[in-house]
Structures are given as structure tokens and as C-alpha cells.
1. When the scattering of the chain is computed by the Debye formula from its Cα atoms alone, each counted once and equally, what is log10 I(q)/I(0) at q = 0.10, 0.13 Å⁻¹?
2. Which percent of the accessible heavy-atom area of the chain goes to carbon and sulfur, probe 1.4 angstrom?
3. Using each residue's phi in the range 67-77, evaluate 6.51 cos²θ - 1.76 cosθ + 1.60 at θ = phi - 60° and report the 3J(HN,Hα) Karplus result to the nearest Hz, with x for Gly and Pro.
4. What's the longest piece of the chain with no exposed trypsin sites (Lys or Arg not before Pro), counting a site as exposed if DSSP puts it in a loop and it has at most 14 other beta carbons within 10 Å?
5. Rank Glu184, Glu108, Glu99 by mean-square fluctuation in a GNM of the chain with C-alpha springs under 10 angstrom and give only the top-ranked residue.
6. Restricting to Cα atoms and excluding each atom paired with itself, what does the Kirkwood estimate give for the range 97-230 in Å?
7. Roughly how many Å² is the accessible area per residue of the chain, as a whole number, for a 1.4 Å probe?
8. Normalised by the number of residues in the chain, what is the relative contact order in percent for Cα pairs under 8 Å and 6+ residues apart?
Amino acid sequence: MKKSPALHEANSAEPRLYRVVSNRIEELIRAENIQAGERLPSERDLATKLGVSRTSLREALIALELGGVVEVRGGSGVYVSEQAAPQAAAVAAGPGPFEVLAARRMIEVEVCALAAKQATDAQIDAILFAVEEMEREHEDRSSNESADRNFHLAIARATGNSAMVGVVQYLWAQRDTLWHRLKEHFQTEELHKETLVDHRAILAAIASHDVAGARQAMRAHLDRVTRTFSRG
């Protein structure tokens, strides 16, 4: 059934949760008269005060940082920016990083299981090529990320289902400025190395046509990424 123009417009205008939370944080800064250069309450306290999850709060704080409203200092906390005139956040209107990760955990886990069942030798070779490319480009952030994307798309192609490929392409296209800033702040070298180990485990399960193992390996990988990005 085709949506009416009015309904489509209403849905497209619905604000993302992290934008709602970022507005509430700005209101709290004003209400509690937190001055430029002063530290905000801890993430845990802010989440409790605002009644939101830590992940939604973290997305909101990164959006505010991109807008020049706050400054996130690793190992120290979040401070009201000392800029005289904060700019509007340069954040796309798409889903937040944790929304995308949640969708990937639902979809890519089953994509990986189907790839383990269906993959041809040539498709397994394509996945292997992406793994080796990511290992070679470990120190080059841009090339490494491109290889990471190629790895996940190669798995989707191994399902033999072009719709699956399209869904995975869409999810990876949502890695916008908000995602990259979150990754910049919270990705650790440990996660970077563990990702390579995870990818090898995923490849091994697909190559041996171990459907349950492939499903578990992809789930463990995406759970690890989510834990790292949401860790206090």
C-alpha cells in the first residue's frame, strides 16, 4: 500500500533519538548554568538524569561535539566548548551509529550464515582477498576501512542474493561523520587487532561451510565492536 504524501512527510520529519537527546543536553547546560570550559556530569549520571541509554547519550554528545557545543576529552570527560559561537552540527539525518550496529547484528549475522551454506570457491577467495588486504593496510586508516567494507560485501555476495548485497551496502553507507567521530574517540588498537582475528574466524567458518560457526563468529565480532564503542 502506497503511503500518502502527508504520512511520508511526517515520517521523514521525525527527529532521530540522538538529536532529541542532544537538545535535552543543551537545555540542561542552560538550566544548570554550566559555563564554557566546565565539565558536564559523567555519562552515567547524564544518562540517569535524562532517562536515556548510554548509547543514545553517547551519540548525542558526539553530535554536539561536531556542532561545537561540547568537547569530548578522552580519559577526562565532556566539557562545554569554549568557542564563542558554536556552529550547527555537521551531522547527516540518517540513523545513529548504534542504530546501524543493531541492524547489522540482526542482518549480517544471518547473511554470514547463508554465505557459509552457499559460498563457492571463487566467492571464498574474494573474502580471503579482502581479509588479506585489510591485514596489509592495517596502518592506513582509509585503506583499512575500505578493505573492511569489501570484506563484509564479499560475504553478502557469497549468499547469491543481490537483495542481501543491497541491504549490506545501505548499512555501510550510513557510516557518516557521527560514526567516524565516535570511532575516532573510542576505537582502541586492541579492537583494531581483534577485528583482524575476528575476520579470520569468520572466513574459516564460511570456508568450511560451518553455518552455525559463521553465525556465531559474525555475532561475536559485531558484539565486540558495540561493546567497545559503548564502554564507559
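The values are calculated or read from the model by the stated rules, or taken from the named source; none is laboratory data. Treat the numbers as computed from the prediction; the structure is a model and nothing was measured. Glycine also receives a Cβ, built like all others from the backbone with ideal geometry; neighbour counts cover every protein chain displayed. Areas reflect the complete protein model, heavy atoms only, side chains present, ligands, DNA and RNA absent. Shrake-Rupley method; radii C 1.70, N 1.55, O 1.52, S 1.80 Å.
1. Cα-only, vacuum Debye calculation for the chain: -0.55, -0.85.
2. Working: 6200 of 12120 Å².
On the chain, the fraction of accessible area on carbon and sulfur atoms equals 51 percent.
3. Along the range 67-77, the couplings run x, x, 7, 10, 10, 8, 10, x, x, 10, x Hz.
4. Values: sites that count: Lys2, Lys3, Arg231.
Formally, the longest exposed-site-free interval is 4-230.
5. Answer for the Gaussian network model of the chain: Glu184.
6. On the way: mean 1/r = 0.0684 Å⁻¹.
Evaluated over the range 97-230, this radius sits at 14.6 Å.
7. Values: 12120 Å² over 232 residues.
I get 52 Å² per residue for the chain.
8. On the way: 281 pairs, mean separation 49.2, N = 232.
Here the relative contact order equals 21 percent.
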